[in-house]
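What follows is a single structure, written as structure tokens, with notes after it.
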Amino acid sequence: MKMSKSILAAILGLSMASLCNAGTVYMSGSTAMRGTVYSALINPGTVFTAAPAITLYQGGGSSANYMAFQGTLVGGSGTTTIKCHWSGSEGGILDVASNTVVTETFIADSLLDGTDHGTNVPSSTESANVNLAMADNAQQFSRTKNPTLSKKAKVGVITFKWVRNPGKWTGTNVTDSQIRQALYGYCPRAVFSGNSTDTSDFVYVSGRDNQSGTRVNALGISGYGIFTLPTQIEMNSSGVMQDLTGGGVYAGDYGFSSGGTLAGTLGADTTSATDPVNGGTGYSVIAYLGVGDATTAIGKGAVELAYDGVTFSPAAVIEGSYNFWDNEYIFEANNVASGSEADKAYGRLSLTTGINAFCDGTKAIKLTDMHCTRTGPTSDPSHN
């Protein structure tokens, strides 16, 4: 029996497609570092041999929460897809440590069209085990300590800021003691202003959920305790404090899943807002953010705060006088096969010419530029 040319072509096409599809790599983790990873992935010769096709959802550009990159890996063949869902540093460590149990959602193959879809959420997703993850802290400072991830690399320094909203407190500096008092359950404005009459309104912390490495660093560096549950609030972009339980509880172990979403609320003026926790009119909010998200918040009306009397600058981080920063890591799941596409991507990203090379000097700083080191968020910087 003769086979028609059209059927034969279809079969050959399917065979070639399977040969050309080298596989998919799944990546999650730090929202604060996603822009730097994005820069590394799109640069020809760093991970892919040429500029990859890029599909983006929920954020747009290097701020997207969902990303997908398609191209040929350096040292690979065929087409590899790297899918990213930035779940937060703690979420990323859990993802790779529990690789065969925990899954994340990623853009479905049917939506991979090489288009930036802005703030739109992907209409179709797939669930998958995660191969690689970014984290703003070492695993020893994570809630997920087991199993130990054997493949890990330090790939830069990630920086953070404290900011305040336009509320009743109008200061420009925050201290560890003030942060701790506010995290334990809010505190009178007098703690921040030093004015004994400022006791009728309160300062609250708005922050991230327990999947966030930014939260790990904020709680650890301030001395509050990484694993001590904070009392935080969430307000909307109009300055209305939210009851997240539906039971009249406005302050608790709350937190945003995204630094970008938190940043979008911090321009709200709460000088005349109703305080449903303590009653009265007016309250103030301080918040911790990655430097990129802090810039967004400041653009919306928030005010940058010096930390323990030191204003953020790259030089202050490099010399160790500004304390709100930590090491950035890439982790590989223990069951990733040596020489696989995921392992090749990890190898390229973990090089000094990988992620580290694309640290912009502000939101993230190259390891080779640092004049001090630290082991993690519970220790002070030590100058070289």
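The values are calculated or read from the model by the stated rules, or taken from the named source; none is laboratory data. Please read all numbers here as calculations on a predicted model, not as lab measurements. Positions of Cβ are generated from backbone atoms using ideal geometry, with glycine treated the same way; all protein chains shown enter the neighbour counts.
State the number of residues belonging to region 212-232 that are more than 18 Å from T375 (Cβ to Cβ) and surrounded by fewer than 23 Cβ atoms within 10 Å (Cβ to Cβ).
Step one: filter region 212-232 for residues more than 18 Å from T375 (Cβ to Cβ), giving 212, 214-215, 224, 228-232.
Those left that are additionally surrounded by fewer than 23 Cβ atoms within 10 Å (Cβ to Cβ): 224, 228-229, 231.
Count: 4.
Here are some residues: T144, T199. Which one is modelled with pLDDT of 95 or more, on the phi < 0 side of the Ramachandran plot, in a loop (DSSP other than H, G, I, E, B) and assigned by TED's automatic domain parsing to the domain that holds L289? Explain how you work it out, then say what you get.
Values: T144 fails: assigned by TED's automatic domain parsing to the domain that holds L289.
The match here is T199.
Exactly one of these conditions fails for G75: (1) free of Cβ contacts under 8 Å to residues at least 60 places away in the same chain; (2) surrounded by fewer than 16 Cβ atoms within 10 Å (Cβ to Cβ). Give me its number.
(1)
Listed here are the residues, each with its yes/no results for (1) modelled with pLDDT under 95; (2) assigned to a strand (DSSP E or B); (3) in the same structural domain as S110 (by TED's automatic domain parsing); (4) within 24 Å of G118 (Cα to Cα).
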site: L19; (1), (2), (3), (4): yes, no, yes, no
site: V25; (1), (2), (3), (4): no, yes, yes, yes
site: S28; (1), (2), (3), (4): no, yes, yes, yes
site: A32; (1), (2), (3), (4): yes, no, yes, yes
site: T36; (1), (2), (3), (4): no, no, yes, yes
site: L41; (1), (2), (3), (4): no, no, yes, yes
site: P44; (1), (2), (3), (4): no, no, yes, yes
site: Q70; (1), (2), (3), (4): no, yes, yes, yes
site: T81; (1), (2), (3), (4): no, yes, yes, yes
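For region 86-129: of the residues being of a type in the set (V, I, T) and surrounded by 21 or more Cβ atoms within 10 Å (Cβ to Cβ), which is nearest to Q211 (Cα to Cα)? First the steps, then the outcome.
So in region 86-129, the residues of a type in the set (V, I, T) come out as 93, 96, 100-103, 105, 107, 115, 119, 121, 125.
Retained after the next criterion (residues that are surrounded by 21 or more Cβ atoms within 10 Å (Cβ to Cβ)): 93, 96, 107.
Numbers: I93: 9, V96: 13, I107: 20 Å.
Only one residue fits best here, namely I93.
Looking for whichever is surrounded by fewer than 19 Cβ atoms within 10 Å (Cβ to Cβ) and charged (D, E, K, R) here; the options are R374, R348. Which one fits? Explain how you work it out, then say what you get.
Values: R348 fails: surrounded by fewer than 19 Cβ atoms within 10 Å (Cβ to Cβ).
After ruling out the rest, the residue left standing is R374.
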